[in-house]
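*Asks:* So that we are looking at the same thing, I have put the structure below in C-alpha cells.
The values are calculated or read from the model by the stated rules, or taken from the named source; none is laboratory data. Being a predicted model, the structure only gives us computed values, none of them experimental. These accessible areas exclude ligands, DNA and RNA; they are computed on the full protein's heavy atoms, side chains included. Shrake-Rupley method; radii C 1.70, N 1.55, O 1.52, S 1.80 Å.
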Amino acid sequence: MDTGIIKLLGFLLFFAGVFFLIYKMLPRTMPGAPMRDDDEFVIEDESRFILMFKPFYQILLPAIRKLPLSSYKAKMKKYIITAGMDEQVDPDDMIGFQISVMLLFLFMGIVLFDSHYVLFIFALTGLNYPYLWLYGKKKERQEKIRLSMPDVVDILSLSVEAGLAFNMAVQKVCDIYRKDKDPFVVELYLMDQNIKFGRSRNEALKIMAKRVDLMELDSFTSTLIQAEKMGSSISSVLRYQAERMRSERFMKAEKMGAQASQKLLVPMMLLIFPVIFIVIFGPYLIQMIMK
C-alpha cells in the first residue's frame, strides 16, 4: 500500500477519534432555554457538529470578529436563524467552522497530491462545504415547516373555535407538540414569548415570518395581520388557511408525482432499454457473427 494512503488513513483515524471525543464531551443541554423540560435548552446535533470544531478555531475567534465581513456575516446570521441554530451558533462560529474544514481538506490534499491546483481545489471545497451544509439545513427546516403548517394551523383553528383566545390556542398547541420538536411549533412558541415580553401580536407575527423566510408563512402571517386590522373572525381565517395549505400540499405532491414519471425516462433510456435490446437481439447478433 502506498505510504501516502497509509498516512492519510492514520490522519483520518486520529482526527476521527479526537472529533468523536469532543462530540461526546459537549453538553447536551444548556440552561434557560424554551420548549424543553426542566428549563434546559437541548443542543441539536447540527449545532454540536459545528461546536465540536470550536477547540480548533477558538484561538482564531478574536481575529474572525475583526474581519470586515459584515454583509457575509449578516447573510450567515440569517441562514443560522432560519436553520434554527441561532441560540447556539453565531456567524463567527460558522466562519471558524469553514476555516477548520478548509485546513482539514488542505492537509488531506497535501498528503495525497503534490499539485498546487489540486490543493487549491481541496481548499476551496473545504471552505465552501460548511456554507452548503448550512444552506441545506436551512432548506430542510423550511420544508419541515411547510409540511407541518396545515395540521398545526388546523388545531389552532379548532382551539379558537372552542372558545380559546389566539394566544391561549398557541400555548395549547405548543403543549400538545412539546415533545415532537416540530420547527413550526417552536416558531409559534417564540412568537408567543415575544408577545409575553411586550411586543404586539402583529409585530411578533412579522418577526416569526422574517425568521423562517418562507413564502407560505409570509402569506399566513399577512392574512392574520389583515384579519386583526379588519376585525374579522380569527377562527374562520385559521380554518380557511388550513384548508388552503392542505390543498396546496396535495397539489404539490401531485405535481412531484407527475414530474417523477418524466424524470424516469432518462435513466430508462440510458440503462434499461439498452439491456432489453441486448437480451432480445443479442442472440441474433451472435448467430450472424458466427455465420
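*Asks:* How much accessible area per residue does the stretch 131-208 have, in Å², with a 1.4 Å probe? Show your work: numbers first, answer last.
*Replies:* Values: 3760 Å² over 78 residues.
Per-residue value: 48 Å².
*Asks:* While we're looking at this one, here's another question. How large a share of the accessible area of the stretch 132-291, in percent, is made up of carbon and sulfur atoms when the probe is 1.4 Å and the other protein chains stay in place? Before the final figure, lay out the partial values.
*Replies:* Numbers: 6400 of 9990 Å².
So the carbon and sulfur contribution to the accessible surface is 64 percent.
*Asks:* Once each part is reduced to its C-alpha centroid, what is the distance from the stretch 230-285 to the stretch 127-149 in angstrom?
*Replies:* Between the Cα centre of the stretch 230-285 and that of the stretch 127-149, the gap is 22 Å.
*Asks:* Distance check, please: which entries in LYS179/LYS210; LYS137/LYS210; LYS78/LYS210; LYS138/LYS181; LYS77/LYS179; LYS54/LYS77 exceed 21 angstrom between their Cα atoms?
*Replies:* Working: LYS179/LYS210 25 Å; LYS137/LYS210 17 Å; LYS78/LYS210 9 Å; LYS138/LYS181 16 Å; LYS77/LYS179 27 Å; LYS54/LYS77 18 Å.
In this structure, LYS179/LYS210; LYS77/LYS179 lie more than 21 Å apart at Cα.
*Asks:* Additional query: If I stretch the segment between PHE273 and ALA253 completely, what's the gain in nm (0.36 nm per residue apart, minus their alpha carbon distance), one decimal?
*Replies:* Details: separation 20, 0.36 × 20 = 7.20 nm, distance 2.82 nm.
Full extension from PHE273 to ALA253 adds 4.4 nm.
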